[in-house]
1. Got a sec? Which of Glu24, Glu36, Glu11 is modelled with pLDDT under 85 and among the charged types (D, E, K, R)?
2. Mind listing whichever residues of the range 194-216 are within 18 Å of Pro168 (Cβ to Cβ), of a type in the set (A, V, I, L, M, F, W, C) and surrounded by fewer than 24 Cβ atoms within 10 Å (Cβ to Cβ)?
3. Please specify each residue of the range 302-336 satisfying the condition of being on the phi > 0 side of the Ramachandran plot and more than 27 Å from the chain's Cα centre (by Cα).
4. How about the range 277-303: which of its residues are among the aliphatic types (A, V, I, L, M) and either in a helix (DSSP H, G or I) or farther than 20 Å from Trp73 by Cβ (or both)?
5. Considering every residue within the range 103-115, establish whether at least one is open to solvent by less than 80 Å² (accessible area, probe 1.4 Å) and free of Cβ contacts under 8 Å to residues at least 40 places away in the same chain.
6. Restricting attention to the range 308-336, report how many residues are assigned to a helix (DSSP H, G or I) and in contact (Cβ under 8 Å) with a residue 12 or more places away in the chain.
7. Which members of the range 165-211 meet the condition of being touching a Leu at 6+ places or on another chain (Cβ under 6 Å) and small (Gly, Ala, Ser)?
8. What number of residues within the range 31-90 satisfy the criterion of being of a type in the set (Phe, Trp, Tyr) and surrounded by fewer than 14 Cβ atoms within 10 Å (Cβ to Cβ)?
Amino acid sequence: MLFVSFVVKKELFLAKNGNDLEFEGPLRELGRKITELENFQANKGYDLKEPISRLRDQLRRTAKEIFSSLTPWQKVQVARHLNRPTAADYIELMCEDFVELHGDRAFRDDAAIIAGFGKLDGRRTLLIGQQRGRSTKERLTCNWGMTHPEGFRKTLLKMKLAERFRTPIVTLIDTVGAYPGIGAEERGQAHAIAANLFEMLKIRVPIVSVVIGEGGSGGALALAVGNRLCMLEHAIFSVISPEGCSSILFRTADKRAEAAEALKLTPKDLLGLGIIDEIIPEPLPAAHWDRRGAAEHLKQALVRNLTELAALSPTELVETRRRKYRNIGFYTEQSA
C-alpha cells in the first residue's frame, strides 16, 4: 500500500525526466493512467473505483515482475539513481535527536562523510554515512561521495569516541570509491583506508554496515568491517565499477553490461558467496520510489541486528568480527 499511495500522489516520479530508467516506462504509464482516472472521478463525479483498483493491482504486479528480474547492469542503474535515498535521507527519516560531528582534528571536515550520534528506536547509536548529494551543488560539495583521507580519519575518530561511550555503530555505504586525486594521495589515502580496516577489527562495540547504494572499491571497504554486513535489495558492491572493469578487460567502456555480469556485484551474488550477511528488502518497486518506506525497512533491519549483537560481550564482538572476515573466500583443488 505504501507503493500505491506514493506512486499516485508523487507526480515527480511519474513524469518523464532525465533521470528515467528505460525499464520503468510501464510503471510511469500505469501511474499516469491512475492519476488521470482519479482526476476525472474527482472532477466529473463518476464512480471509477473498480477500474482504478484494477490498474493499481496491475501496477503492483508489473513492478514486482520488472524489479525481481533486473540484470546486473540494471541493478547498477537503480543503485545510482539520482532520486535514490542518500545517507542523509535515511538518517533524517530513521533517527531522533541526531547531532552531527565534524572534522578529523588534523586537516579539515570532509563533506563526503556525515557522522553523528542519534537514537534508533530509542537506542543511542553512532551513524556514519557516505553522502553523494543529489543536486549538482550538493554533489560538488560532497565530491560525489568520494571520500578524502581526512574523511576516513574522521570516521575512525568518531568510532573511537563511540567505543569510549559503549555506543553501537552503523555505517551507511554509498560511494563509487575513494577520491583518487593527487592531493588525497599526498595526504595518505591508502594509509587512511588501511588504518580503518585494521582499527575497525578491534572496535569493542557492535558495528553494522549497510550498502545503501553503490559500494565501490576501497572507499566502501573502509566502512564495511562490521559484525554484520548487509545490502539493500537494489544496491551493488564491487571492487571496481563496471565501466572501469570494461575499460581494463575489453579496452572499451561499451561492454559495461558484460562486466557487471562478471563482477558478481548484486546482493544475491554476494550473499551466495558468503560476503554479505543479509539482503534488506526495498518497498516496491525500489527505494527511489518510496524513500520513507525504504527508511522503515532499513530501520527495522538495523534495530534487529543491533539487538542481537547487544547480547555479545566486547571480546565476543571482536572475535566474531575477525572470524567473519577470515572465513570469506574459498577455493577448490583439482588433481593434475
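1. Of the residues listed, the single one that is modelled with pLDDT under 85 and among the charged types (D, E, K, R) is Glu11.
2. Within the range 194-216, Met200, Leu201, Ile203, Val205 meet the criteria.
3. Those that are on the phi > 0 side of the Ramachandran plot and more than 27 Å from the chain's Cα centre (by Cα): none in the range 302-336.
4. Scanning the range 277-303 gives Ile280, Leu284, Ala287, Ala294, Ala295, Leu298, Ala301, Leu302, Val303.
5. Scanning the range 103-115, I find at least one residue that is open to solvent by less than 80 Å² (accessible area, probe 1.4 Å) and free of Cβ contacts under 8 Å to residues at least 40 places away in the same chain, so the answer is yes.
6. Number of matching residues: 10.
7. Ser209
8. Of the residues in that region, 2 qualify.
The values are calculated or read from the model by the stated rules, or taken from the named source; none is laboratory data. Here the structure is a predicted model, which means the values were calculated and not measured. With ideal geometry, Cβ positions are generated from the backbone for all residues, glycine too; neighbour counts draw on all protein chains shown. Ligands, DNA and RNA are excluded from the accessible area calculation, which covers all protein heavy atoms including side chains. Shrake-Rupley method; radii C 1.70, N 1.55, O 1.52, S 1.80 Å.
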